[in-house]
Amino acid sequence: MVTALIQDVRYALRQLRKTPAFTATAILTLALGLGANAAIFTLVNAVLLKNLPVADPKALVRLGDRDDCCVGFGMNGDGNYSIFPTDTYQQLKKNAPEFQELAAVQAGFAYNPVIVRREGTGERARSVMGEFVSGNYFRTFGLRPQCGRLLSDPDDAKGASVAAVMSYQTWQNDYAGDPSVVGSTFYINTRPVTIAGIAPPGFFGDRLSSTPPDFYLPIEAMPLLTNAPYVHDPDAKWLYIFGRVKPGVSLTQLQAKLNGLLRHALAPTRTFSSQSKKEQLFKAHLVLTPGGAGIQDMQETYASHLRLLMWVSGLVLLIACANLANLLLVRSTARKAEICVRAALGAMRGRIVRQLLTESILLSMLGGFAGLAVAYAGTRMLLALAFPGAQSIPIQASPSTEVLAFACALSLLTGVLFGVTPAWIAARTEPANALRASARTTTGGATLLQRSLVIVQAALSLVLLVGAGLFSQSLGKLQSKDLKLDAANRYIVHFSPQAAGYSQRKVGDLYRTIEDRFHAIPGVDKVGISTYTPMEEYNDGFSVVVQGRPDMDINSSYVKANAEYFDSVGTHVIMGRGISVQDTATSTPVAVVNQSFVKKLFKPGENPIGSHIGFNTKSSGDFEIVGVVEDTAYTSARWKDHLMYFYSMPQRPPSDRSTIDEDELMYARTIVLKTERPMNDMETLARRTLSSINPNLSVVKFQTFRAQIGDQFTQERILARLTMLFGTLALLLATIGLFGVTAYTVARRTPEIGIRMALGAERTGVTAMVLRGAMIQVALGLGIGIPVALVSVRFVKSQLYEITGIAPGVMSAAILMLALAATLAGLIPARRAACIDPAQALRTE
């Protein structure tokens, strides 16, 4: 059998070499179909299916099932906890011996970068990602250092010298793998820190992120390095918790025990201090979930889109396979005489089928290998689209073992499924047919199976074109939405006074200095300073109560800002006034609210100016409303009826009894610069200006305001572009398929066409006859594709913006594109048929 198999493979290679046009077309068709699927599967595998590169990931569990972020206070409405206070973590760790290890990690490290500078090298301070973790973090994951040592429990003790672990990628990229890094001193947030060791290669932290940690630091070092007041606040929820469960432990029983421990830990906190809140304590619970894949924030963000793209690429593969099947059917028909002779000479039918099947499998495997190259390029393109500018995302474009196995299996399956039918049809030909003198007839053409494949291709192409139109329409609606923002000549500078070593008492002077220094730059018109800006992935919120209306307790987002903030982002005041320079720490606390806030909390026509709001009934008089601004889009363009209020950067709620040294809200994160004209060197000027104020004031991120707004449409843009790409590819493949079948039909009907023309048929009539046959197949495809598209829209409606059905324009455009492609595919063979010389055609008989 091995000898026979080798013979079959050699013969198949010779046959493929003899028909280079057929071979190249088939391989290219499969490469596009298989490559698109392999590219999408690379991302699906990396984002949705892969575990963390740690020891025995199946033994890891996570306490919680949500990706809440980043620092929270108060009760959870449904009592479901996924982030925890430090004190709660320590109590769970102490009283749950069912865990071999129980580790805690910072929930929102990506929003709080650290400033790093190596001692004695003269390098400038730069902003990097730093994650605060418990001392047993690396031990819980079962990791070993690349060099040096990893963090341990003594590192995470109060008063311990601050040690850190550097990621392997940072060590390689920024320090060229220099072994002297281990043991050296780095200044992190202006404090000296010793690098204890290097994390192992391939470890990117406890979650998949486009900004993985560069440094891992002990939790107990966080108050010193970041001046964060919530680290040991029993009411502040800010930690994710992972654990490695001992063998034989029942997760159901463990979860029940942990729920009791959780309620016991929360009972004495301020959150549950009142009697009414104590009654809600019994709702507090957590859910144990598999922890092998880490925190699932990126998975949840991209899961629905990746699954959709997997379905779309699967449809493209079906169209490619239909083309392959048609090519194989045409090829088997052309080789009918050869097969009949082989059968007449004694070849068994099974032997002939095996030979033809070997050719189709070999062809599909060659297409699969070519598809891997397409997949590599496609994955790089997808990563560039999904994470523009990202330098450290832990997803490789090169095919992994799983992707290679997927591509090989898909290629083999394609070869078998779409090669067996043509092989069987060809092998069933009677040997006597090869000996008949008049094998040709005056009629004939493509078989019913071939036409059916073209119809299916047309139907699937229409569905994909309609899908592309819907996602393009959705993106257009989002991008054309009036965000009430002015992005012209505006620049966003993210910075971190906290990481630069400023205390809450000193930031006021810093903000005034920043305003003065930037105003001194020629061309700078406005300098806004705020906790965050419109259309970025950040949101602060509290419950708000209007004084005198205790029944109205609504969650609302807030922004702390300076006097020039509204002008800097282009938000207009429509009633009263905005924040002014007179709103200082010693003046009456004031607030500016947006239109949605007024509509929700005030009666129609009621003037909100002069009313007071606060965070609860007791503090409802904290802020006096002095103005109303239009509804500017924050966080997402999809967020409707977004209640917001704004108050002055130096002001604090009078009811807040904590000291200013405990108030993290004093720290701004962004500077918004409005200039009189476009300034291409604004980033350089911003870095130079901050550095001149303090060398540790590093630019965390710089963007034009227009780019920041555009980033919020990245996922919609990816879907629109990829569905359009796949729709175009499907249309191209369907056009090639229709062209091939029509050309084959013309070749088979050459004698018939010659007779028709000899009897007086006009060229236009012959052209119309051929075109009519092609258009009938497309029309049947439309008859199938239109209802399928109408039904399919309900499955993607949740991913579209303000689209509930297929607009007539989208459907018409898809039908027109398919009709034009079909006309082009049919016109070339039709014109060729019209140019047939009747005498030459009859001579072939």
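Could you list all residues from segment 638-664 that are outside any loop (DSSP other than H, G, I, E, B) and under 23 Å from Met222 (Cα atoms)?
Quick first cut of segment 638-664, residues outside any loop (DSSP other than H, G, I, E, B) only: 644-648, 660-662, 664.
Scanning segment 638-664 gives Ile660, Asp661, Glu662, Glu664.
Would you check which residues across segment 230-249 are open to solvent by 10 Å² or more (accessible area, probe 1.4 Å), under 18 Å from Glu131 (Cα atoms) and not in a loop (DSSP other than H, G, I, E, B) and list them?
Across segment 230-249, the qualifying residue is only Lys237.
From the list Leu738, Leu818, Leu733, Leu771, which one is open to solvent by 20 Å² or more (accessible area, probe 1.4 Å) and either within 27 Å of Cys321 (Cβ to Cβ) or hydroxyl-bearing (Ser, Thr, Tyr) (or both)?
Details: Leu738 fails: open to solvent by 20 Å² or more (accessible area, probe 1.4 Å); Leu818 fails: open to solvent by 20 Å² or more (accessible area, probe 1.4 Å); Leu733 fails: open to solvent by 20 Å² or more (accessible area, probe 1.4 Å).
Result: Leu771 is the single residue among Leu738, Leu818, Leu733, Leu771 that is open to solvent by 20 Å² or more (accessible area, probe 1.4 Å) and either within 27 Å of Cys321 (Cβ to Cβ) or hydroxyl-bearing (Ser, Thr, Tyr) (or both).
Before we move on, is Gln7 open to solvent by 60 Å² or more (accessible area, probe 1.4 Å), within 25 Å of Gly130 (Cα to Cα) and assigned to a helix (DSSP H, G or I)? Write out each step before concluding.
Working: open to solvent by 60 Å² or more (accessible area, probe 1.4 Å): yes; within 25 Å of Gly130 (Cα to Cα): no; assigned to a helix (DSSP H, G or I): yes.
Here the answer is no, as Gln7 does not meet what is asked.
Could we say that Gly605 is out of contact with any Cys (no Cβ under 7 Å at 6 or more places or on another chain), at pLDDT below 95 and on the phi > 0 side of the Ramachandran plot here? Can you show your working first?
Numbers: out of contact with any Cys (no Cβ under 7 Å at 6 or more places or on another chain): yes; at pLDDT below 95: yes; on the phi > 0 side of the Ramachandran plot: yes.
Spelling it out, Gly605 is indeed out of contact with any Cys (no Cβ under 7 Å at 6 or more places or on another chain), at pLDDT below 95 and on the phi > 0 side of the Ramachandran plot.
In this structure, does Arg669 turn out to be over 32 Å from the mean Cα position of the chain (by Cα) and open to solvent by 40 Å² or more (accessible area, probe 1.4 Å)? Reasoning before the result, please.
Numbers: over 32 Å from the mean Cα position of the chain (by Cα): no; open to solvent by 40 Å² or more (accessible area, probe 1.4 Å): yes.
Answer is no for this residue.
Residues of segment 101-141 being modelled with pLDDT of 95 or more and either open to solvent by 50 Å² or more (accessible area, probe 1.4 Å) or in contact with a His (Cβ under 7 Å, 6 or more places away or on another chain) (or both), which ones?
Passing the criteria: only Arg139.
Residues checked against (1) buried (at least 16 other Cβ atoms within 10 Å of the Cβ); (2) hydroxyl-bearing (Ser, Thr, Tyr); (3) at pLDDT 90 or above:
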position: Leu251; (1), (2), (3): no, no, yes
position: Ala256; (1), (2), (3): no, no, yes
position: Gly260; (1), (2), (3): no, no, yes
position: His264; (1), (2), (3): no, no, yes
position: Thr271; (1), (2), (3): yes, yes, no
position: Ser276; (1), (2), (3): no, yes, no
position: Leu288; (1), (2), (3): yes, no, yes
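Quick test of your reading of the structure: Tyr634 fulfils all but one of (1) assigned to a loop (DSSP other than H, G, I, E, B); (2) open to solvent by 10 Å² or more (accessible area, probe 1.4 Å); (3) not small (Gly, Ala, Ser). Name the failing condition by number.
(2)
Kindly provide the set of residues from segment 215-229 that are touching a helix residue (DSSP H, G or I) at 6+ places or on another chain (Cβ under 7 Å) and either free of Cβ contacts under 8 Å to residues at least 40 places away in the same chain or over 13 Å from Val133 (Cα atoms) (or both), ordered by number.
Listed by number, the residues that qualify are Ala228, Pro229.
For (1) under 18 Å from Thr185 (Cα atoms); (2) touching a Phe, Trp or Tyr at 6+ places or on another chain (Cβ under 8 Å); (3) in a helix (DSSP H, G or I), each residue gets a yes or a no:
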position: Val116; (1), (2), (3): yes, yes, no
position: Gly142; (1), (2), (3): no, no, no
position: Asp155; (1), (2), (3): yes, no, yes
position: Ala164; (1), (2), (3): yes, yes, no
position: Asn173; (1), (2), (3): no, no, yes
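Restricting segment 793-808 to residues that are closer than 28 Å to Ser452 by Cα and open to solvent by 40 Å² or more (accessible area, probe 1.4 Å), which is nearest to the chain's Cα centre (by Cα)? Before the answer, list the steps.
Filtering segment 793-808 for residues closer than 28 Å to Ser452 by Cα gives 793-796, 806, 808.
Retained after the next criterion (residues that are open to solvent by 40 Å² or more (accessible area, probe 1.4 Å)): 794-795, 808.
On the way: Arg794: 22, Phe795: 19, Pro808: 30 Å.
So, considering only residues that are closer than 28 Å to Ser452 by Cα and open to solvent by 40 Å² or more (accessible area, probe 1.4 Å), the one nearest to the chain's Cα centre (by Cα) is Phe795.
Can we say Ile613 is within 22 Å of His494 (Cα to Cα) and either out of contact with any strand residue (DSSP E or B) (no Cβ under 7 Å at 6 or more places or on another chain) or surrounded by 17 or more Cβ atoms within 10 Å (Cβ to Cβ) (or both)?
Values: within 22 Å of His494 (Cα to Cα): no; either out of contact with any strand residue (DSSP E or B) (no Cβ under 7 Å at 6 or more places or on another chain) or surrounded by 17 or more Cβ atoms within 10 Å (Cβ to Cβ) (or both): yes.
Judged against the criteria, Ile613 is not a match.
Could you check, for segment 498-510, whether at least one of its residues is open to solvent by 30 Å² or more (accessible area, probe 1.4 Å), among the acidic types (Asp, Glu) and assigned to a helix (DSSP H, G or I)?
Within segment 498-510 (the criterion being open to solvent by 30 Å² or more (accessible area, probe 1.4 Å), among the acidic types (Asp, Glu) and assigned to a helix (DSSP H, G or I)), the answer is yes, since at least one residue qualifies.
This table checks each residue for (1) in contact with a Cys (Cβ under 9 Å, 6 or more places away or on another chain); (2) in contact (Cβ under 8 Å) with a residue 24 or more places away in the chain; (3) of a type in the set (A, V, I, L, M, F, W, C).
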site	(1), (2), (3)
Lys18	no, no, no
Gly35	no, yes, no
Phe41	no, yes, yes
Ala46	no, yes, yes
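The values are calculated or read from the model by the stated rules, or taken from the named source; none is laboratory data. Source: prediction; values computed, not measured. Reconstructed Cβ throughout: ideal geometry from the backbone, glycine too, with neighbour counts over all protein chains shown. Heads up: the accessible areas ignore ligands, DNA and RNA and are worked out on the full protein's heavy atoms, side chains in. Shrake-Rupley method; radii C 1.70, N 1.55, O 1.52, S 1.80 Å.
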